[in-house]
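Enquirer: Questions regarding the structure given below will be posed in turn.
The values are calculated or read from the model by the stated rules, or taken from the named source; none is laboratory data. Predicted model, so just to flag it, every value in this text is computed and none were measured. As a convention, Cβ positions derive from the backbone with ideal geometry for all residues, glycine included, and neighbour counts pool all protein chains shown. Just the protein is used for accessible areas: all its heavy atoms, side chains included, with ligands, DNA and RNA removed. Shrake-Rupley method; radii C 1.70, N 1.55, O 1.52, S 1.80 Å.
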Amino acid sequence: MKIRILKLTPEFLTGLLQGKSTTLSLPLPNDTEILDIKMDLFTRQISMVVRSESFEEVAETMPIPELSFSKAAKTNVASKPVATIKPQIIPPPEPKSNVAKLPQPQPSRMASKMENEFSPEQRKLLSFTVKEDCVVVKPVMFLKAEWDDINEVARSLGGKWVKGDIISYWEIPLQ
């Protein structure tokens, strides 16, 4: 997965949207896409899930790495305070298990057959993984008009749309 989570305060985001004196200078790649935005009212934090081909690949079994931003000293430039934002990549915690890691299961023939039911253009927009007794089909980018066609193919294979907090996907049972 080439996604990261950006965490911001509501006040900081509001200042950006209102064009106030706060400027955001993030070294994010040009191909960065926002996949999801969520606000946690208890911690007063906004989480933005972003994706870029430039991000380092992270295994799906690991938590999504966070990009947190800490304000550096404010400086006055032409009577306007400017906050410098420096990204810090927080590595995901290592799994705490003494059990030897098992090799990833190889996709079965049925999973490959399911993948071939999608058109080549649709396969470019999706990732396929085998999980227990089903194939998980996740969009790798925001689907616009393509979603209906992909959903129709997934449903014809017996699949269902699973709505997640951050990332939603289709589950297609292995038959």
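Enquirer: If only one of E146, E152 is modelled with pLDDT of 85 or more, surrounded by fewer than 13 Cβ atoms within 10 Å (Cβ to Cβ), more than 19 Å from E57 (Cα to Cα) and of a type in the set (D, E), which one is it?
Expert: Numbers: E146 fails: surrounded by fewer than 13 Cβ atoms within 10 Å (Cβ to Cβ).
Result of the check over E146, E152: E152.
Enquirer: Hey, can you tell me all the residues within region 38-68 that are at pLDDT below 65 and open to solvent by 40 Å² or more (accessible area, probe 1.4 Å)?
Expert: Narrowing region 38-68 to residues at pLDDT below 65: 68.
The answer is none; no residue qualifies.
Enquirer: Same structure, new question: Against the definition (in a loop (DSSP other than H, G, I, E, B), modelled with pLDDT of 60 or more and not acidic (D, E)), how does P107 come out, yes or no? Write out each step before concluding.
Expert: Numbers: in a loop (DSSP other than H, G, I, E, B): yes; modelled with pLDDT of 60 or more: no; not acidic (D, E): yes.
No, not satisfied.
Enquirer: Turning to a different aspect of this structure: Do you know which residues across region 16-37 are out of contact with any strand residue (DSSP E or B) (no Cβ under 9 Å at 6 or more places or on another chain), part of a loop (DSSP other than H, G, I, E, B) and at pLDDT below 80?
Expert: First, pick out the residues of region 16-37 that are out of contact with any strand residue (DSSP E or B) (no Cβ under 9 Å at 6 or more places or on another chain): 17-20, 29-30.
Subsequent filtering for residues that are part of a loop (DSSP other than H, G, I, E, B) retains 18-20, 29-30.
Residues satisfying the conditions are Q18, G19, K20.
Enquirer: Residues of region 2-15 being under 30 Å from F128 (Cα atoms) and surrounded by fewer than 18 Cβ atoms within 10 Å (Cβ to Cβ), which ones? Quick ask: steps written out before the conclusion?
Expert: Taking region 2-15 first, the residues under 30 Å from F128 (Cα atoms) are 2-7.
Hits for region 2-15 are K2, K7.
Enquirer: Scan region 118-131 for residues that are more than 14 Å from E60 (Cβ to Cβ) and either surrounded by fewer than 15 Cβ atoms within 10 Å (Cβ to Cβ) or aromatic (F, W, Y) (or both) and jot them down. Write out each step before concluding.
Expert: At the first step, the residues of region 118-131 found to be more than 14 Å from E60 (Cβ to Cβ) are 118-125.
Across region 118-131, the qualifying residues are F118, S119, P120, E121, K124.
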